[in-house]
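All remarks here apply to the structure that follows.
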Amino acid sequence: MQTFDAVVERCQDTGYYAGYVPGFPGAHAQGETLDVLRTNLEEVITMLLEDGQPHLQSEFIGMQ
């Protein structure tokens, strides 16, 4: 099982959460709750991994 770091933001207009995996093209999703976002993002990543291992275009280091 692989793990990926995701950046999560909340839209102030809709209240929805949006998440993406930095450097992983196409690995983004949204959801009404954090649990729904996580499920949606896991589904997207699973589908993307069916095409093979990603060549990450960047590496998440952290926040300052």
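General observations
- Being out of contact with any strand residue (DSSP E or B) (no Cβ under 7 Å at 6 or more places or on another chain), at positive phi and not polar (S, T, N, Q) is a condition met by no residue of region 30-46.
- Any chance GLN30 is of a type in the set (S, T, N, Q) and within 10 Å of the chain's Cα centre (by Cα): yes
- Some residue of region 34-42 being among the aliphatic types (A, V, I, L, M), without any contact (Cβ under 8 Å) to a residue 60 or more places away in the chain and in a strand (DSSP E or B): no
- Residue count for region 49-64 under the criterion of being of a type in the set (S, T, N, Q) and either within 14 Å of GLN2 (Cβ to Cβ) or surrounded by 10 or more Cβ atoms within 10 Å (Cβ to Cβ) (or both): the result is 1.
Throughout, read-outs are computed from the coordinates displayed, never taken from laboratory work. Bear in mind that the values here come from a model prediction, so they are computed numbers and not experimental data. Counting neighbours? That spans all protein chains shown, and the Cβs are built from the backbone with ideal geometry, glycine included.
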